[in-house]
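K.L.:
If you scroll down you'll find the structure; I have some questions about it.
The values are calculated or read from the model by the stated rules, or taken from the named source; none is laboratory data. Nothing here was measured: the structure is a model prediction, and the numbers come from that model. Don't worry about glycine lacking a Cβ; one is built from the backbone with ideal geometry, like all the others, and counts go over all protein chains shown. What goes into the accessible areas is simple: the full protein's heavy atoms, side chains included, and nothing from ligands, DNA or RNA. Shrake-Rupley method; radii C 1.70, N 1.55, O 1.52, S 1.80 Å.
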There are 2 protein chains.
Amino acid sequence: MDVAILIYEGFTALDVTGPFEVLSRLPEAKVRFVSATPGMVAADQPGFGLVAEPLDSMERPGVVVVAGGSTYRFLDDETVLSWLRRVHESSVWTTSVCTGSLLLGAAGLLKGREATTFWYELESLRCFGAEPVSRRVVEDGKIMTAAGVSSGIDMALEICDRLQGPAYAQAVQLGIEYDPQPPHDTGSVDKAPAEVVRFLRDNLAGSYGPPWAQRAAQRS
Amino acid sequence: MDVAILIYEGFTALDVTGPFEVLSRLPEAKVRFVSATPGMVAADQPGFGLVAEPLDSMERPGVVVVAGGSTYRFLDDETVLSWLRRVHESSVWTTSVCTGSLLLGAAGLLKGREATTFWYELESLRCFGAEPVSRRVVEDGKIMTAAGVSSGIDMALEICDRLQGPAYAQAVQLGIEYDPQPPHDTGSVDKAPAEVVRFLRDNLAGSYGPPWAQRAAQRS
């Protein structure tokens, strides 16, 4: 199974490494990072970069994964968007992690579909004609979108389950010992204390600007 | 806070990316990959590599993270082991993910201490005078060891909690939306069906050989 993970300058490291680690364990998997700017591609946090191959290096990837991160700058990058439309035609699964779903939306692939993304950007999915769903993994046809950053692990395990059955997915889960026990239970906006949500929302607005939907409204 | 993540040829991608993603969010964090073989270092799965700086590029890292993976080949690498002993003298936290704890053990840092590792290697910790504990994150003094692959995320959140307090750790958790909901609940040997554990154990033995403790016994 050929798996193409789309990255770009400012991708989020864990968005792609979760799916990479899980999907590399599929039988005869070939997992590659691809980019419109091949070579070394820097993540959004200093010190992390991955080498990507050209977009067309994989003819017909069975699974396509779109990373999140500094997605905004690429929402009108026709090279990326037309590649997405093309590989989606023959993919078994087209997937995204975090704000990667905004790219799927910009490519026109989410029109009339349910989808999810990083909680901060959930309402922005409406800009692309999608129906936002606040769930960790959302499936609509052969498109599977995941919530923020770490959710790519859960999404990729779900893909393993669909492609190879439950026992295989269970073995992959045990192989990466994915038995989460974080010190707190604050991984979603519904579970985190209101002041923690407010702190982080202000922080994200300061670092990245307002959510895409607000920017788009201001521009029009 | 300076964070040094030790990698080597055959490290496991998610072992290091979980802690990288979490610890990069510490205030004024500088997180760098370091290696005895600086430059591009390949992971244990094809298609993934990270650029590492020389071991001594960070003078006195506050947090040291030792990745797991093809650890066996480096258990008598004196360059790595003496570096570990040196940085441990001044570190605030010395940590490991997966089989990274075998390296801490080989450096002599786990003698008489409780520690954990990837379930497949748990008993091997005894080779280094450590007391194996089957828990996701084990703390003994300023050494924090984590279980397999994905557990580095939980360990790093625990480090955030200790360094910056619970509200900060909660915000980081929400920032990476770590609200795990995998399709199955089979991430530990206690939870996975017996046949899944057997399948994976055979698979690991075929790919990596028997656990370290068995190899060491055969050699002596």
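K.L.:
State yes or no: is A:G206 more than 7 Å from chain B (Cβ to nearest Cβ), open to solvent by 20 Å² or more (accessible area, probe 1.4 Å) and over 23 Å from A:V65 (Cα atoms)? Full working, then the answer.
P.N.:
On the way: more than 7 Å from chain B (Cβ to nearest Cβ): yes; open to solvent by 20 Å² or more (accessible area, probe 1.4 Å): yes; over 23 Å from A:V65 (Cα atoms): yes.
So A:G206 passes the test.
K.L.:
Just a yes or no: is a residue in the range B:185-194 farther than 24 Å from A:R25 by Cβ and in contact with a helix residue (DSSP H, G or I) (Cβ under 6 Å, 6 or more places away or on another chain)?
P.N.:
So far as the range B:185-194 goes, no, none of its residues is farther than 24 Å from A:R25 by Cβ and in contact with a helix residue (DSSP H, G or I) (Cβ under 6 Å, 6 or more places away or on another chain).
K.L.:
Just checking, how many residues over the range B:129-139 are within 21 Å of B:V87 (Cβ to Cβ), within 16 Å of the chain's Cα centre (by Cα) and outside any strand (DSSP E or B)?
P.N.:
Step one: of the range B:129-139, the residues within 21 Å of B:V87 (Cβ to Cβ) are B:129-130, B:137-139.
Going one step further and asking which of them are within 16 Å of the chain's Cα centre (by Cα), we end up with B:130, B:137-139.
Now narrow it down to the ones that are outside any strand (DSSP E or B): B:130.
Summing the residues that are within 21 Å of B:V87 (Cβ to Cβ), within 16 Å of the chain's Cα centre (by Cα) and outside any strand (DSSP E or B) in the range B:129-139 gives 1.
K.L.:
In the range B:1-39, what count of residues is obtained for those that are in a strand (DSSP E or B), in contact (Cβ under 8 Å) with a residue 60 or more places away in the chain and open to solvent by 50 Å² or more (accessible area, probe 1.4 Å)?
P.N.:
We begin by selecting, within the range B:1-39, every residue in a strand (DSSP E or B); these are B:2-6, B:11, B:30-35, B:39.
From the residues that got through so far, the ones that are in contact (Cβ under 8 Å) with a residue 60 or more places away in the chain too are B:2-6.
From the residues that got through so far, the ones that are open to solvent by 50 Å² or more (accessible area, probe 1.4 Å) too are B:2.
Of the residues in that region, 1 qualify.
K.L.:
Within the range A:68-78, is even one residue among the acidic types (D, E), touching a residue at least 40 places away in the same chain (Cβ under 8 Å) and in a loop (DSSP other than H, G, I, E, B)? Walk me through how you get there before you give the answer.
P.N.:
Looking only at the range A:68-78, we keep the residues that are among the acidic types (D, E), and these are A:76-78.
Filter once more, keeping what is touching a residue at least 40 places away in the same chain (Cβ under 8 Å): A:77.
After this cut, where a residue has to be in a loop (DSSP other than H, G, I, E, B) as well, the list is A:77.
Within the range A:68-78, one or more residues are among the acidic types (D, E), touching a residue at least 40 places away in the same chain (Cβ under 8 Å) and in a loop (DSSP other than H, G, I, E, B).
K.L.:
OK, next. Please determine whether any residue of the range A:194-201 is surrounded by 15 or more Cβ atoms within 10 Å (Cβ to Cβ), at negative phi, out of contact with any His (no Cβ under 6 Å at 6 or more places or on another chain) and more than 8 Å from chain B (Cβ to nearest Cβ). Give the steps one after another, and end with the answer.
P.N.:
In the first step, residues of the range A:194-201 are kept if they are surrounded by 15 or more Cβ atoms within 10 Å (Cβ to Cβ); the result is A:196-197, A:199-201.
With the extra rule that they be at negative phi, the set shrinks to A:196-197, A:199-201.
Now restrict to residues that are out of contact with any His (no Cβ under 6 Å at 6 or more places or on another chain): A:196-197, A:199-201.
Filter once more, keeping what is more than 8 Å from chain B (Cβ to nearest Cβ): A:201.
Yes, the range A:194-201 contains at least one residue that is surrounded by 15 or more Cβ atoms within 10 Å (Cβ to Cβ), at negative phi, out of contact with any His (no Cβ under 6 Å at 6 or more places or on another chain) and more than 8 Å from chain B (Cβ to nearest Cβ).
K.L.:
Something else about it: Among (1) more than 9 Å from chain B (Cβ to nearest Cβ); (2) more than 27 Å from B:P19 (Cβ to Cβ), where does A:I159 come up short?
P.N.:
(2)
K.L.:
Sticking with this one: Scan the range A:60-80 residue by residue and report those that are touching a Gly at 6+ places or on another chain (Cβ under 8 Å), over 29 Å from A:P27 (Cβ atoms) and at pLDDT 95 or above.
P.N.:
Answer for the range A:60-80, where residues must be touching a Gly at 6+ places or on another chain (Cβ under 8 Å), over 29 Å from A:P27 (Cβ atoms) and at pLDDT 95 or above: just A:G69.
K.L.:
In the range A:140-159, which residues are in contact with a Phe, Trp or Tyr (Cβ under 8 Å, 6 or more places away or on another chain), in a loop (DSSP other than H, G, I, E, B) and over 17 Å from A:G68 (Cβ atoms)?
P.N.:
The one that is in contact with a Phe, Trp or Tyr (Cβ under 8 Å, 6 or more places away or on another chain), in a loop (DSSP other than H, G, I, E, B) and over 17 Å from A:G68 (Cβ atoms): A:K142.
K.L.:
So which of A:V80, A:V51, A:V63, A:V87 ends up being open to solvent by less than 20 Å² (accessible area, probe 1.4 Å), hydrophobic (A, V, I, L, M, F, W, C) and within 14 Å of another protein chain (Cβ to nearest Cβ)?
P.N.:
Values: A:V80 fails: within 14 Å of another protein chain (Cβ to nearest Cβ); A:V51 fails: open to solvent by less than 20 Å² (accessible area, probe 1.4 Å); A:V87 fails: within 14 Å of another protein chain (Cβ to nearest Cβ).
When all the criteria are applied, what remains is A:V63.
K.L.:
Quick one: is B:F20 touching a helix residue (DSSP H, G or I) at 6+ places or on another chain (Cβ under 8 Å) and within 13 Å of chain A (Cβ to nearest Cβ)? Before the answer, list the steps.
P.N.:
Numbers: touching a helix residue (DSSP H, G or I) at 6+ places or on another chain (Cβ under 8 Å): yes; within 13 Å of chain A (Cβ to nearest Cβ): yes.
Yes: the conditions hold for B:F20.
K.L.:
Please pick out the residue among A:G10, A:G39, A:G47, A:G18 that is on the phi > 0 side of the Ramachandran plot and within 14 Å of the chain's Cα centre (by Cα).
P.N.:
Details: A:G39 fails: within 14 Å of the chain's Cα centre (by Cα); A:G47 fails: within 14 Å of the chain's Cα centre (by Cα); A:G18 fails: on the phi > 0 side of the Ramachandran plot.
None of the others qualify; the one that does is A:G10.
K.L.:
Being within 14 Å of chain B (Cβ to nearest Cβ) and either surrounded by fewer than 22 Cβ atoms within 10 Å (Cβ to Cβ) or in contact with a strand residue (DSSP E or B) (Cβ under 6 Å, 6 or more places away or on another chain) (or both) is the filter here; which residues of the range A:96-108 pass it? Steps first, answer last, please.
P.N.:
Just the residues of the range A:96-108 that are within 14 Å of chain B (Cβ to nearest Cβ), to begin with: A:96-101.
Result: A:S96, A:V97, A:G100, A:S101.
K.L.:
Name the one entry in B:S134, B:S220, B:S150 that is of a type in the set (G, A, S) and within 7 Å of another protein chain (Cβ to nearest Cβ).
P.N.:
On the way: B:S134 fails: within 7 Å of another protein chain (Cβ to nearest Cβ); B:S220 fails: within 7 Å of another protein chain (Cβ to nearest Cβ).
Just a single option satisfies the conditions, and that option is B:S150.
Every residue, every condition in (1) of a type in the set (A, V, I, L, M, F, W, C); (2) open to solvent by 30 Å² or more (accessible area, probe 1.4 Å), yes or no:
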| residue | (1), (2) |
| --- | --- |
| A:E139 | no, yes |
| A:S151 | no, no |
| A:C160 | yes, no |
| A:Y178 | no, no |
| A:P183 | no, yes |
| A:D190 | no, yes |
| A:A216 | yes, no |
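K.L.:
Is the range B:163-170 home to any residue that is facing chain A (nearest Cβ under 7 Å), surrounded by fewer than 24 Cβ atoms within 10 Å (Cβ to Cβ) and not hydroxyl-bearing (S, T, Y)?
P.N.:
Of all residues in the range B:163-170, those facing chain A (nearest Cβ under 7 Å) come to B:166-167, B:169-170.
So of that shortlist, the ones also surrounded by fewer than 24 Cβ atoms within 10 Å (Cβ to Cβ) come out as B:166-167.
Now restrict to residues that are not hydroxyl-bearing (S, T, Y): B:166-167.
Within the range B:163-170, one or more residues are facing chain A (nearest Cβ under 7 Å), surrounded by fewer than 24 Cβ atoms within 10 Å (Cβ to Cβ) and not hydroxyl-bearing (S, T, Y).
K.L.:
Here is a follow-up. Pick out the one residue from A:R215, A:R136, A:R219, A:R198 that is out of contact with any Asp or Glu (no Cβ under 9 Å at 6 or more places or on another chain) and modelled with pLDDT of 95 or more. Steps first, answer last, please.
P.N.:
Values: A:R215 fails: modelled with pLDDT of 95 or more; A:R136 fails: out of contact with any Asp or Glu (no Cβ under 9 Å at 6 or more places or on another chain); A:R219 fails: modelled with pLDDT of 95 or more.
Among A:R215, A:R136, A:R219, A:R198, only A:R198 is out of contact with any Asp or Glu (no Cβ under 9 Å at 6 or more places or on another chain) and modelled with pLDDT of 95 or more.
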